[in-house]
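*Asks:* First the structure, then my questions, so here it is.
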């Protein structure tokens with residue numbers, strides 16, 4: 001299988017991407033890793049003894065986080081992100097991974113690859129850590145700001161298929177993000193979507209409140225892109241604030257510093273379990289090709305996790321399964 | 001001033017409410033605390049030496065969390081919550097506080113007290129802890145699920161007035177909860193609301209992302225009730241998950257238990273700074289009378305904080321100021 005990596009996108013590009021590619025190339029000899037970016041930058045990082053299953057495809061432009069997504073994808077046709085998308089589009093790669101500008105990646109999915117037949121709006125997924133360490137796939141995280149109930153239904157079908165194909169869960173439990181657990185709760189969108197989800201051929205377990213998202217009650221959580229983005233960033237923000245406060249308090253005195261030093265491994269484990277990078281590599285579901293988003297701050301380990309997820313998705317023919325599911329509708 | 005307390009609502013009713021009333025009565029002799037509930041339950045808790053500025057107003061029914069809000073308020077006319085609302089409505093109390101069923105409290109506001117003239121939809125506020133310890137007032141947390149841009153504008157005006165009247169902030173910084181900081185970001189609702197807020201006679205500082213809510217960049221955060229509820233519960237859920245994980249990890253071995261014992265005061269300080277009870281007592285803004293919501297899990301200290309906030313709001317004639325602001329529109 002062939003995976004194109006946007007080697008210039010993300011906070012730790014290109015080093016983390018080259019490092020993860022080297023590690024992945026060694027672990028999975030059947031996988032061709034295509035680093036897309038400036039060869040003059042990438043070649044020296046790869047070194048001379050680079051394995052034969054890593055190649056470089058040149059792309060001299062870079063889309064960064066300040067770029068306006070749609071404009072950037074239209075104009076920067078030689079950017080690492082767009083070139084990676086084109087490799088998938090033209091059948092020269094089975095998937096692409098990018099840790100770059102999220103909006104631009106969605107635009108790449110829509111403009112370069114296009115929607116899967118039958119899909120009205122693609123949805124961007126994220127995988128949240130959960131207390132039971134199984135993680136939960138949540139979508140949409142912001143691809144589609146004004147979702148309709150039918151879009152939420154399609155997210156539920158796609159999310160279910162992803163969890164069963166890529167994570168081997170037989171009957172993924174699907175929950176609808178809502179303000180209360182009762183069926184009648186919510187806004188106009190969720191009230192109508194609830195009825196559609198009840199009728200759908202999925203394991204719909206009802207509404208789930210934002211405070212229970214990390215508990216592990218669901219395998220898939222469905223929401224509109226606006227609420228999903230609020231959810232994602234609120235969870236991240238709360239975690240970052242608490243760890244900031246802990247650092248402040250635990251370094252306030254000599255005694256607390258000493259005790260905190262003893263507990264360092266425990267804190268690290270908590271941090272790791274809340275770390276989104278541990279579950280890196282969420283798909284943009286509904287586009288005609290496998291597009292995987294890495295967290296912007298992905299390091300080499302996180303990128304390798306994304307590569308692992310992508311390999312599983314390719315191996316289980318995720319895109320073909322999605323195409324089958326929706327083409328008849 | 002006279003404050004009616006729904007003595008039967010909330011996880012720690014009635015004990016926490018009686019205890020907080022006793023403490024408040026001692027601290028503020030100018031304040032009449034009216035405990036609304038079953039006298040046979042409340043009288044023994046008060047004891048014989050209860051101060052003269054605590055009175056009991058009988059109400060024999062209770063609205064609990066399983067009650068359907070509107071139905072409960074209509075039918076349970078002798079419930080502690082509805083009776084407290086009626087005391088405000090009929091001029092026998094200057095405010096009411098309840099830690100009970102949030103939906104029912106909103107229904108009490110709407111059905112018993114009615115809207116303020118000029119207000120289209122009341123909004124339920126919450127106060128979040130922030131890193132700078134000033135807290136941020138956010139609304140709407142769920143009173144109005146399908147908000148229109150004009151509702152968000154009214155929330156901004158009411159929230160600003162509350163922060164200046166009750167918290168003494170001269171030009172409260174108002175932010176719009178959104179998925180990005182740029183003006184063009186968001187869904188149809190926030191895009192239109194952004195324009196209205198720019199024109200409004202408030203200190204509008206633009207969009208704020210959910211991950212920055214706790215940073216202290218704003219004094220007021222505006223959102224629709226659905227997103228607000230997701231935000232509130234995601235922040236609560238993340239904090240509770242992290243503290244759960246910490247407890248697990250820090251009690252995993254003898255050494256870690258020992259070190260954690262040394263750090264107990266530090267952990268408590270972090271917990272307290274993230275504790276919503278420290279900022280207890282958020283108003284239902286836009287109803288014709290002062291209705292204050294205590295967190296469902298409020299203990300006696302938290303209830304006393306709510307009483308303190310309520311006293312300040314009464315002292316600064318918040319409702320009259322809101323009525324002035326909107327009556328001419």
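The values are calculated or read from the model by the stated rules, or taken from the named source; none is laboratory data. Values in this document were obtained by computation on a predicted structure and should not be read as measured data. Backbone-built Cβ (ideal geometry, glycine too); neighbour counts: all protein chains shown.
*Asks:* Of all the residues that make up the stretch B:96-120, how many are in contact with a strand residue (DSSP E or B) (Cβ under 9 Å, 6 or more places away or on another chain) and surrounded by fewer than 20 Cβ atoms within 10 Å (Cβ to Cβ)?
*Replies:* 2
*Asks:* Something else now. For the stretch A:165-190, which positions are modelled with pLDDT of 95 or more and away from every other protein chain (no Cβ under 14 Å)?
*Replies:* Result: A:169, A:170, A:171, A:172, A:173, A:174.
*Asks:* Determine whether residue A:265 is touching a residue at least 40 places away in the same chain (Cβ under 8 Å) and either out of contact with any strand residue (DSSP E or B) (no Cβ under 6 Å at 6 or more places or on another chain) or under 20 Å from residue A:125 (Cα atoms) (or both).
*Replies:* No: the conditions fail for residue A:265.
*Asks:* Mind checking which residues of the stretch B:131-162 are closer than 24 Å to residue B:69 by Cα and in a loop (DSSP other than H, G, I, E, B)?
*Replies:* Those that are closer than 24 Å to residue B:69 by Cα and in a loop (DSSP other than H, G, I, E, B): B:140, B:141, B:142, B:143, B:144, B:145, B:146, B:147, B:148.
*Asks:* Let me ask something else about it. When you go through (1) in the same structural domain as residue A:104 (by TED's automatic domain parsing); (2) in a helix (DSSP H, G or I); (3) touching a helix residue (DSSP H, G or I) at 6+ places or on another chain (Cβ under 8 Å) one by one for residue A:314, which number turns out not to apply?
*Replies:* The single condition residue A:314 does not satisfy is (3).
*Asks:* As an exercise: evaluate residue A:244 against (1) surrounded by fewer than 23 Cβ atoms within 10 Å (Cβ to Cβ); (2) within 15 Å of residue A:136 (Cβ to Cβ) and give the number of the one condition it does not meet.
*Replies:* (2)
*Asks:* Going through the stretch B:269-324 one residue at a time, which ones are free of Cβ contacts under 8 Å to residues at least 12 places away in the same chain, farther than 29 Å from residue B:242 by Cα and surrounded by 24 or more Cβ atoms within 10 Å (Cβ to Cβ)?
*Replies:* The answer is none; no residue qualifies.
*Asks:* Determine whether residue B:93 is crowded, with 23+ Cβ neighbours inside 10 Å and either touching a helix residue (DSSP H, G or I) at 6+ places or on another chain (Cβ under 6 Å) or over 23 Å from residue B:25 (Cα atoms) (or both).
*Replies:* Yes, satisfied.
*Asks:* Output yes when any residue across the stretch B:179-187 is under 25 Å from the mean Cα position of the chain (by Cα) and either in contact (Cβ under 8 Å) with a residue 60 or more places away in the chain or surrounded by 19 or more Cβ atoms within 10 Å (Cβ to Cβ) (or both), and no when none is.
*Replies:* Scanning the stretch B:179-187, I find at least one residue that is under 25 Å from the mean Cα position of the chain (by Cα) and either in contact (Cβ under 8 Å) with a residue 60 or more places away in the chain or surrounded by 19 or more Cβ atoms within 10 Å (Cβ to Cβ) (or both), so the answer is yes.
*Asks:* OK, next. Yes or no: residue A:213 crowded, with 22+ Cβ neighbours inside 10 Å and under 27 Å from residue B:190 (Cα atoms)?
*Replies:* Considered against the rule, which asks whether it is crowded, with 22+ Cβ neighbours inside 10 Å and under 27 Å from residue B:190 (Cα atoms), residue A:213 comes out as yes.
*Asks:* Taking the stretch A:76-111, which residues are within 11 Å of residue A:284 (Cβ to Cβ) and part of a helix (DSSP H, G or I)?
*Replies:* A:85, A:102, A:105, A:106, A:107, A:108, A:109, A:110
*Asks:* I'd like the full set of residues that are over 21 Å from residue A:148 (Cα atoms) and in a loop (DSSP other than H, G, I, E, B), limited to the stretch B:163-183.
*Replies:* B:168, B:169, B:170, B:171, B:172, B:180, B:181, B:182, B:183
*Asks:* Let me spell it out: the conditions are (1) outside the structural domain of residue A:171 (by TED's automatic domain parsing); (2) at pLDDT below 95; (3) surrounded by fewer than 22 Cβ atoms within 10 Å (Cβ to Cβ), and residue A:134 meets all of them except one. Which number is the exception?
*Replies:* It is condition (1) that residue A:134 fails.
*Asks:* When you scan the stretch B:211-243, how many residues do you find that are touching a helix residue (DSSP H, G or I) at 6+ places or on another chain (Cβ under 6 Å), over 21 Å from residue B:102 (Cβ atoms) and within 7 Å of another protein chain (Cβ to nearest Cβ)?
*Replies:* Counting residues in the stretch B:211-243 that are touching a helix residue (DSSP H, G or I) at 6+ places or on another chain (Cβ under 6 Å), over 21 Å from residue B:102 (Cβ atoms) and within 7 Å of another protein chain (Cβ to nearest Cβ) gives 4.
*Asks:* If I ask for residues that are more than 9 Å from every other protein chain (Cβ to nearest Cβ) and more than 28 Å from the chain's Cα centre (by Cα), which ones from the stretch A:258-275 would you list?
*Replies:* Matches in the stretch A:258-275: A:264 only.
*Asks:* Sticking with this one: Residue under question is residue A:57, and the condition is that it be touching a strand residue (DSSP E or B) at 6+ places or on another chain (Cβ under 8 Å) and surrounded by fewer than 23 Cβ atoms within 10 Å (Cβ to Cβ); does it hold?
*Replies:* When the stated conditions are applied, residue A:57 passes them.
*Asks:* Suppose the filter is out of contact with any helix residue (DSSP H, G or I) (no Cβ under 8 Å at 6 or more places or on another chain) and in the same structural domain as residue B:311 (by TED's automatic domain parsing); does residue B:78 pass it?
*Replies:* yes
*Asks:* When you check residue A:255 against the structure, is it touching a helix residue (DSSP H, G or I) at 6+ places or on another chain (Cβ under 9 Å) and facing another protein chain (nearest Cβ under 8 Å), yes or no? Working first, answer last.
*Replies:* Details: touching a helix residue (DSSP H, G or I) at 6+ places or on another chain (Cβ under 9 Å): yes; facing another protein chain (nearest Cβ under 8 Å): yes.
Taking the combined requirement at face value, the residue satisfies it.
*Asks:* All but one of (1) within 11 Å of chain B (Cβ to nearest Cβ); (2) surrounded by 20 or more Cβ atoms within 10 Å (Cβ to Cβ) hold for residue A:207, so report the exception by its number.
*Replies:* Checking residue A:207 against (1) within 11 Å of chain B (Cβ to nearest Cβ); (2) surrounded by 20 or more Cβ atoms within 10 Å (Cβ to Cβ), the one that fails is (1).
*Asks:* Looking at the stretch B:1-18 only, could you name the residues that are touching a residue at least 60 places away in the same chain (Cβ under 8 Å) and buried (at least 22 other Cβ atoms within 10 Å of the Cβ)?
*Replies:* If we filter the stretch B:1-18 for residues that are touching a residue at least 60 places away in the same chain (Cβ under 8 Å), which is where we start, we get B:1-13, B:15-17.
B:3, B:4, B:5, B:6, B:7, B:8, B:9, B:10, B:13, B:16, B:17, listed by residue number.
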